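Taking it in order: structure first as structure tokens, then the write-up.
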Ligand SMILES: *Cc1c(COP(=O)(O)O)cnc(C)c1O
Ligand code: SF4
């Protein structure tokens, strides 16, 4: 495996799927892009299902369950202009492109992301930066996409420098899967682009301990060296991390790499993702099984997107407040 695999045929050639599966998975690929980096290909071959399920396409993706929807987080009504999502008063998303290093099979933006998708034109990017400059209630710009670390270091540096020059932007944040999926992109030029005077929070998406390779350990160490604060975000996924041991392993591995678990997301109901669904009650029980036994540093907030653009909501709180659930034993 030398280059990124972008088709069912590539995956079959690498021995990650059977040749007989190629025709059905070609159909899937027409709707949802495939991308598996050589590093992840190697890790899939080594570790099997917890990684394979996240990245290898399945025929069920073309079946949309009744409760699933194209824009599950309802970003569209909160889009004042292309590339910007402003749902919460003090922070807004900037989506400079929609390409990713890998295409996760459970992605909540799967109807939008893809390899040739959504790179903002110069004029669109200028308009978006101008929106941040003239919206003083926004104190935090969150770069997401797609994956902002898929930009060239030069372009990323230009965007970050422009944002850091806006006085009311106290904090910058980037959400990325590159540190685990394609850590080779974190080279000297990328590190320089990420070295800022303004506080930068880098939120790394990973769902299983086995995603952390020697290469990603080196990249995370270097990213930490830029002064960025490293956070972890994960999605609770059936067959990937839906056991106490898998979650404990994931969060402890993050901590060993200086990544503080921030959010554990309940799966958003994007089309063709039903095989990943874990009920909320089960998610709460899983987290409760860690509480007390595992360091509090490993404890993320378990969140769910409310329907119709209601925003993120921490799960567990309402159970505790109503007294309906058994409060977790601390100690
Ligand atoms: C998730 C999200 C954010 C960030 O929310 P935090 O709770 O601060 O991590 C900001 N804007 C939008 C539209 C989001 O979906
Ligand atoms: S990296 Fe993030 S945005 Fe890209 S496919 Fe995966 S979950 Fe979706």
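Answer yes or no as to whether residue 37 is in the same structural domain as residue 205 (by TED's automatic domain parsing) and closer than 20 Å to residue 114 by Cα.
It is false that residue 37 is in the same structural domain as residue 205 (by TED's automatic domain parsing) and closer than 20 Å to residue 114 by Cα.
Take the residues of region 187-205 that are over 12 Å from residue 223 (Cβ atoms) and either surrounded by 22 or more Cβ atoms within 10 Å (Cβ to Cβ) or under 21 Å from the mean Cα position of the chain (by Cα) (or both): which is farthest from ligand 1 (Cβ to nearest atom)?
199
Restricting to region 73-96, and then to whatever is part of a loop (DSSP other than H, G, I, E, B) and crowded, with 20+ Cβ neighbours inside 10 Å, can you tell me which residue is nearest to ligand 1 (Cβ to nearest atom)?
That would be 73.
If you scan region 229-256, which residues turn out to be assigned to a loop (DSSP other than H, G, I, E, B) and surrounded by fewer than 22 Cβ atoms within 10 Å (Cβ to Cβ)?
Listed by number, the residues that qualify are 238, 239, 242, 243.
Among 167, 179, which is the only one that is outside any strand (DSSP E or B), touching a residue at least 40 places away in the same chain (Cβ under 8 Å) and either within 14 Å of ligand 2 (Cβ to nearest atom) or farther than 22 Å from residue 219 by Cβ (or both)?
None of the others qualify; the one that does is 179.
Does region 127-142 contain any residue that is within 16 Å of ligand 2 (Cβ to nearest atom) and in the same structural domain as residue 256 (by TED's automatic domain parsing)?
yes
From the residues in region 257-279 that are in contact with a helix residue (DSSP H, G or I) (Cβ under 9 Å, 6 or more places away or on another chain) and not in a loop (DSSP other than H, G, I, E, B), which one is surrounded by the most Cβ atoms within 10 Å (Cβ to Cβ)?
264
The values are calculated or read from the model by the stated rules, or taken from the named source; none is laboratory data. From a predicted model like this one, the values you see are computed outputs, not experimental measurements. In this analysis, Cβ positions are derived from the backbone assuming ideal geometry, glycine residues included, and neighbour counts consider all displayed protein chains.
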